[in-house]
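J.: Below is the structure I would like to discuss, written out as structure tokens.
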Amino acid sequence: MADTERGRRVAEGVRFRLLGPMTARTADGAALALGPSQQRALLAVLLLRAGRTVPVSELCDALWGERPPVRAVGTVRTYASRLRALFEPDRPARAPARILVYAAGGYALRLSRPAVDVAEFERGLADAARLRAAGATREAYRTRERALALWAGCPLAGLPGPHAEAWRDRLTGLWLTAREAHFRDALELGLDRETAAVPALRAFAAEHPLRERAQELLMRALHRAGRTGEALAVYEATRETLALELGATPGPDLAALHHSLRARPTPRPFGGACADGGAAGPFVGRGAESDLLLGVLAGAPDVVPVAVLTGMPGIGKTALAAHVADRARGLFPDGVLRADLGAGAAAPLGRLVRALGAPEAAVPDGTEARAALYRSLLAGRRVLLLLGGARDTAGLLPLLPGTPGCAALVTTASRGLVVPGARPVEVPELDDGAALELLAAVAGARRARQDPAGLRELAHRCAGLPLALYLAGRRLRLEPGLSAAELASPGGTGPLARLRADGRAVEDGFRRRAQGLSPAALRALRVTATAPDRFGPAEVAALLAVGEAEAAGAIEELVDSGLLAPGASGRYRCHPLVRAFARHRLGPAQM
């Protein structure tokens with residue numbers, strides 16, 4: 001009798017959580033042991049089908065995709081048998097199953113009154129949308145808030161297979177859109193004056209810098225609060241991020257808001273829905289580098305692949321890493337996490353562990369404690385880390401995952417960064433065809449049709465540097481009266497001084513790197529402006545009137561900074577725009 005009663009309690013009113021790590025509790029609060037990750041993934045498929053029969057072939061596809069193991073069907077049956085024992089512990093050995101039933105070549109889960117948070121979440125979002133459409137914005141806000149409260153982190157966290165991956169993407173997209181709608185309603189209702197809506201919106205926008213709708217909402221909120229300067233700064237940061245990450249420009253809605261705020265800086269009430277906007281920019285070239293990095297990420301399953309991307313300022317390391325991460329999504333079903341390392345590891349580790357689901361109160365102080373928590377949260381997951389701005393090995397190592405299945409793409413200004421076991425990848429200039437394609441795409445189709453020769457010359461002057469090509473294209477798009485020939489003119493400082501748009505200049509990155517150089521390296525950089533196209537320590541030593549060993553040390557520092565590129569046979573080369581910077585921007589006071 002006791003077994004029968006236990007079976008009834010297990011079968012009725014089970015609450016399943018899939019919006020985070022998968023858990024299940026009975027109506028009286030007892031936790032159910034759902035088994036290994038693939039068994040839980042099978043259970044998730046059945047739960048999300050809401051009692052409908054799922055053919056065994058579909059279950060195999062859901063767990064393994066196009067490459068099921070030889071005994072895939074037998075494994076599915078084993079998982080089903082274990083789940084039957086879990087949900088029907090009192091069932092006699094030969095009695096037919098009542099809960100996890102087999103019929104018509106498939107399985108169906110028929111629990112009595114199960115509560116699945118995914119269904120509650122979707123139902124809440126649909127109810128909120130109906131309420132808003134009916135004009136009941138406050139009720140919609142409260143309904144959506146209850147739905148969002150169900151979210152407990154990465155959905156179906158740690159579950160393998162294409163089905164879980166697809167649902168992770170779908171649910172994350174719903175959550176992001178719902179968060180934006182929630183902020184929109186809060187602003188329309190004036191709740192930003194009563195709650196922490198604006199700080200929360202600022203944090204959300206910072207976590208998702210490529211979501212233009214979030215940036216638009218933040219700009220509107222800041223403007224209404226009388227902080228139009230900050231709103232315009234949000235636009236500039238977004239524009240820069242889109243350019244560096246995607247090679248894209250802000251979409252029409254965000255650009256129109258920016259224009260409106262510049263023309264009318266006084267606060268005005270928030271109103272109306274914010275439509276999603278965005279113009280995806282082209283990602284050109286980099287085929288060989290992309291394929292190489294994908295090969296690294298898909299390496300041996302018992303190691304943690306790490307690739308370190310280096311190159312000169314403006315070469316597009318971050319954009320390449322983001323592009324490869326997008327192509328590699330299938331390898332990392334638990335998602336992609338980004339962190340900018342900055343000056344130390346403690347702060348980015350804190351952001352990462354919170355992104356992995358750790359509550360604020362559980363984040364310890366200190367790099368070592370945070371690194372230990374970070375690695376424990378990554379255990380059993382397949383996550384790709386994009387780690388930008390690495391300055392030294394000691395600051396990078398705590399952020400590298402230690403669990404096979406995870407991987408990292410590191411971007412760094414320093415060619416001297418050494419990571420044991422990592423694959424170094426030098427990001428080169430774009431070839432002529434890709435450079436012209438990027439310039440034409442940014443400048444616009446009309447320019448490309450009307451002045452192909454001028455664009456070719458301008459692309460040549462930019463010497464394959466993606467940031468220079470982007471800024472040149474922006475100048476042409478923003479200034480219809482400016483010709484490509486004028487922008488490419490070699491007179492004076494050449495195109496260096498004119499490669500600026502939207503408050504950015506190609507030489508900004510060169511200047512930041514030069515500020516960290518020793519006096520000897522600065523002098524060496526200056527004399528490279530008059531050196532041959534390919535040179536070695538002997539030529540630099542002669543120009544500086546120093547010994548060859550001293551010249552070699554200065555060259556090594558320049559190579560590490562990304563301002564000088566190593567060539568073949570001990571020779572070095574300086575990018576034409578770096579030469580122009582060294583010639584015209586490093587005066588005698590810096591010598």
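The values are calculated or read from the model by the stated rules, or taken from the named source; none is laboratory data. Keep in mind the model is a prediction, meaning the values are calculated, not measured. Positions of Cβ are generated from backbone atoms using ideal geometry, with glycine treated the same way; all protein chains shown enter the neighbour counts. Quick note on the areas: whole protein, heavy atoms, side chains included, nothing else; ligands and nucleic acids left out. Shrake-Rupley method; radii C 1.70, N 1.55, O 1.52, S 1.80 Å.
J.: Compute the semi-axes of the equivalent ellipsoid of the chain, taking the square root of 5 times each eigenvalue of the Cα gyration tensor, and list them largest first in whole Å.
T.: So the equivalent ellipsoid measures 52, 30, 21 Å along its semi-axes.
J.: Give me the angle, in degrees from 0 to 90, between the Cα long axis of helix 72-87 and the longest principal axis of the Cα atoms of the chain, rounded to the nearest 10.
T.: Approximately 60 degrees, to the nearest 10.
J.: Oh, and also: Summing Lys, Arg as +1 and Asp, Glu as -1, what charge do residues with Cβ under 9 Å from the Cβ of residue 285 carry, residue 285 excluded?
T.: -2
J.: What's the angle, to the nearest 10 degrees (0 to 90), between helix 228-246's Cα axis and the longest principal axis of the chain?
T.: Taking Cα atoms only, the helix is inclined about 90 degrees.
J.: Given an 8 Å cut-off on Cα distances and at least 6 residues of separation, report the relative contact order of the chain as a percent.
T.: The value is 10 percent.
J.: Still on this structure: Given a 1.4 Å probe and every protein chain left where it sits, what share in percent of the accessible area of segment 380-497 is carbon and sulfur? The partial results should precede the final answer.
T.: Numbers: 2600 of 4850 Å².
Within segment 380-497, the accessible surface is 54 percent carbon and sulfur.
J.: I've got another one for you. Spelling out what I want: for every residue of segment 413-420, take phi, set θ = phi - 60°, compute 6.51 cos²θ - 1.76 cosθ + 1.60 (Karplus), and round to whole Hz; glycine and proline get x.
T.: Those phi angles translate into 7, 9, 6, x, 5, 10, 10, x Hz.
J.: Residue by residue through segment 325-342, which ³J(HN,Hα) values in whole Hz follow from phi under the Karplus form 6.51 cos²θ - 1.76 cosθ + 1.60 (θ = phi - 60°), with glycine and proline marked x?
T.: Per residue, the Karplus-derived 3J(HN,Hα) values read 4, 5, 5, 9, 4, x, 7, 10, x, 8, x, 10, 10, 10, 8, 9, 6, x Hz.
J.: Follow-up. Ignoring ligands and nucleic acids, what accessible area does residue 60 show with a 1.4 Å probe (Å², nearest 10)?
T.: Rounded to the nearest 10, that gives 10 Å².
J.: Turning to a different aspect of this structure: Taking the alpha-carbon centroid of each part, what is the distance from segment 569-585 to segment 130-152 in angstrom?
T.: Taking the Cα centre of each part, segment 569-585 and segment 130-152 sit 58 Å apart.
J.: With all protein chains present, calculate the accessible area of residue 584 using a 1.4 Å probe and round the result to the nearest 10 Å².
T.: 80 Å²
J.: Report the gain in length on full extension from residue 27 to residue 450: 0.36 nm times residue separation, minus Cα-Cα distance, nm rounded to one decimal.
T.: 145.2 nm
J.: Using only Cα atoms, tell me the angle between helix 519-528 and the longest principal axis of the chain; keep it within 0 to 90° and round to the nearest 10.
T.: It is inclined by approximately 70 degrees.
J.: How large, in Å, is segment 44-177 by the Kirkwood hydrodynamic radius built from its alpha-carbon pairs?
T.: Evaluated over segment 44-177, this radius sits at 17.0 Å.
J.: Whole percent per 10 Å bin, from 0 to the bin with the longest distance: what is P(r) over all C-alpha pairs of segment 309-380?
T.: 18, 39, 32, 10, 0
J.: Report the longest stretch of the chain that contains none of the GluC sites (Glu not before Pro) sitting in a DSSP loop with at most 14 other Cβ atoms within 10 Å. Working shown, then result.
T.: On the way: sites that count: 66, 194.
Maximal segment without exposed cleavage sites: 195-591.
J.: Could you compute how fast segment 512-591 diffuses translationally, taking Rh as the Kirkwood radius over C-alpha pairs and applying Stokes-Einstein at 37 °C with viscosity 0.692 mPa s? Give it in µm² per second.
T.: This corresponds to a translational diffusion coefficient of 270 µm²/s.
J.: What figure in square angstrom, to the nearest 10, would you give for the accessible area of residue 137 with a 1.4 Å probe?
T.: Only protein atoms counted, so the area is about 30 Å².
J.: What distance in nm separates the two pseudo spin-label positions at residue 550 and residue 210, each 7 Å out from Cα along the beta-carbon direction?
T.: 4.9 nm
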